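The next block holds one structure in the form of structure tokens; read it before the comments.
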């Protein structure tokens, strides 16, 4: 979009990132659970160590002295699992009563997992969740019972990594949503360099040399520090087993502590932004999903499919499309800087109201646009009046629909009201002459049932002769 | 000096720098190289990136030793024990009716133990010849022919040097088709593997397939004797067990054939290759510091003289640091990525673009007018938003 390019140019000129959003479009929990970690390159099932916790001054550090040893691995991960389970337990309803009013449940809140980047989110939630949830605490290779439970929770988080959800926040993605830097988008995946652009441009060179925030470590670090720590473990495990993990814990702490601090710094920057209004409803929906999950876990029916069937895939894609469209709409309506993108592209109209004609039916408006509005006659636009919602329908803010009827010789645009303010008692919703308005292509929220077509499209059809 | 041929220009450009033929990964990388002249000339001149990049100040790309170790372990476990883990995959996925395994190992290590006296060139020749003979035998329907050939050596002529390619395995059964097998150690979890890595493996295997096609044609056999699908062997879930998947390589092979047919765009590149500069000799351990600095400066000048196209694809290239520095010094709009560069077109510097936006510079061409218009709209929209926020 031209606004992205323009802001990028400004960022290069200033030598500093510029704001891409005027509001914060994610919910920030009062007490999030932050995780940074490494795994052996090429082997996502072999974590090397993690820093995690809810307080920035006191991360818990675990290290697996020999990452290729499964028994040691699961013994160390059990600590992480217990911490994660303990954290999410505070958001579980004491009794699974669906008769409890919605408000109390939302006030109890929901868990929030914070990671540095998308790759860590995928590793931790999708892959580690998948690895842990099928482990058994009895049988041939028993593990600590906290592990399969943590796996179930992580798998739940994996399924919620969708547009608009704040249950899992990969910080580099969230920062890129709210600030535009002057570098290639792919380079923003380095959280240290992104933060340098946003708050400390002089430290940019240093930030680029920083160790990665995970989940894959730097090959030099791997060849030196990791190798030494594994050797030290090998030496100590026989003579002093209690100390054997210490070298690895120290190596992990040194390597990942800067990224840990970076995550908290990013959270501080985001907390300084005023929250967007519709974030609250999206978070309520997140909490609702969380509550459904905990009910299933306590009933023992939390089931995750390994490989979704075609119908599920189709449903999932439809859900993603709907969530993306909804999120774009909500972000634009909440945030003038996001709406600016649509104004620049000509899909939305920003202007001053010149005249309001209430004599006829339907009412008519004449608007002087700030930028030439080049849409054809018959274009539908919508006006969201910035007043308190109607008492009668508290969940549904009023929306006025307008249709473009023509342009005057001065370049003003004329509209007819088509819905939402035709009746005389609703005329107060219309803007006054002299008022600055933005008419957008975003109408009232669609509340369709998710309908499936009679036949799945060919891209999702089941192969008769087995999987492709 | 008058240059008759672009090949001469390439050789002159390479100067005293060592030449190293491309391998399958770099050839597959030709499919990625987004029309960047700099990459094309360096690839066409067979200049090893691994040595050039650190000389001009780029971070040295280093591979993870643990990942490599794991890869080697996996490959060994798959091909050991008379291929007991590989056979079920070959039978099932490639539908090759391999009853008993008659394998031959043509890897350098193996051949060296058989012929310890051969020097490097003779070794290469031997491997190429044996591969050719084995494949000929296979295709002729010889009952005693090999059906699993390990580390065969194929030749592909590109630019001015023959490139030697070494696929992991070639599989064949009496009535079937010849299929390449690649063993990679990234995981396939519940039947799903990382799409980026799978795509890279597919492109690499396609290169082998192209070389195979050339060999088979050379032997006078129709190219239908080669399977259109290759087998990719990966680790299953989180273990080191083998799991296989077929890769349909026809689209990649077609694209590669097209790119290779035009490689190295000899006549098109010719004008771009600068004649006044050339690469220095690669500094060795004994070179003095002053010589090293001089070599670095010469290399930077030579590479800098090649036109580049900076964009989103550059993050995968070893020369990123060098080209990014150049883009920053030139204040190029491409620093923001391919989308921004495409939108601004001829308006290639940040200050030019911003001056057009602010109106301090009047557009002269129609393209400049369009860019100015679009950016000005964006600027006004942002300003209005700022007032409203």
Turns out the strands (runs of 3 or more DSSP E) fully within the stretch B:142-213 with at least 1 residues that are closer than 20 Å to residue B:71 by Cα, within 24 Å of the chain's Cα centre (by Cα) and touching a residue at least 60 places away in the same chain (Cβ under 8 Å) are B:148-150, B:161-165, B:169-171, B:179-189
Kindly indicate whether residue A:153 is more than 14 Å from the chain's Cα centre (by Cα) and either in a helix (DSSP H, G or I) or within 14 Å of chain B (Cβ to nearest Cβ) (or both).
-> yes
Quick one: count up the residues across the stretch B:276-316 that are in contact with a helix residue (DSSP H, G or I) (Cβ under 6 Å, 6 or more places away or on another chain) and either crowded, with 19+ Cβ neighbours inside 10 Å or more than 14 Å from chain A (Cβ to nearest Cβ) (or both).
-> 14
Would you check if residue B:84 is in the same structural domain as residue B:229 (by TED's automatic domain parsing), touching a residue at least 24 places away in the same chain (Cβ under 8 Å) and either farther than 30 Å from residue B:291 by Cα or surrounded by fewer than 12 Cβ atoms within 10 Å (Cβ to Cβ) (or both)?
-> no
Determine whether residue A:376 is surrounded by fewer than 11 Cβ atoms within 10 Å (Cβ to Cβ), away from chain B (no Cβ under 14 Å) and within 30 Å of residue A:6 (Cβ to Cβ).
-> yes
Filtered residues of the stretch A:433-448 (kept if away from chain B (no Cβ under 14 Å) and closer than 14 Å to residue A:401 by Cα) = A:441, A:442, A:443, A:444, A:445
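Select, from B:336, B:319, the only residue that is without any contact (Cβ under 8 Å) to a residue 12 or more places away in the chain and touching a helix residue (DSSP H, G or I) at 6+ places or on another chain (Cβ under 8 Å).
Answer to the selection: B:336.
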Where residues in the stretch A:156-183 are farther than 17 Å from residue A:28 by Cα and out of contact with any helix residue (DSSP H, G or I) (no Cβ under 6 Å at 6 or more places or on another chain), which of them is nearest to the other protein chains (Cβ to nearest Cβ)?
-> A:183
Exactly one condition in (1) within 12 Å of chain B (Cβ to nearest Cβ); (2) in contact with a helix residue (DSSP H, G or I) (Cβ under 9 Å, 6 or more places away or on another chain); (3) farther than 20 Å from residue A:191 by Cβ is not met by residue A:8; state its number.
-> (3)
Identify the residue in the stretch A:274-299 that is surrounded by fewer than 16 Cβ atoms within 10 Å (Cβ to Cβ) and not in a helix (DSSP H, G or I) and, among all such residues, is modelled with the highest pLDDT.
-> A:274
Of the numbered conditions (1) out of contact with any helix residue (DSSP H, G or I) (no Cβ under 7 Å at 6 or more places or on another chain); (2) modelled with pLDDT under 90; (3) in the same structural domain as residue B:206 (by TED's automatic domain parsing), residue B:250 satisfies every one except a single condition; which is it?
-> (2)
Some residue of the stretch B:356-366 being more than 9 Å from every other protein chain (Cβ to nearest Cβ) and either buried (at least 18 other Cβ atoms within 10 Å of the Cβ) or under 22 Å from residue B:53 (Cβ atoms) (or both) | yes
Residues B:335, B:298: which one is assigned to a helix (DSSP H, G or I) and at pLDDT 95 or above?
-> B:335
Could you check, for the stretch B:127-136, whether at least one of its residues is surrounded by fewer than 19 Cβ atoms within 10 Å (Cβ to Cβ) and at pLDDT below 85?
-> no
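The values are calculated or read from the model by the stated rules, or taken from the named source; none is laboratory data. Being a predicted model, the structure only gives us computed values, none of them experimental. Every residue, glycine among them, receives a Cβ derived from its backbone with ideal geometry; neighbour counts consider all protein chains shown.
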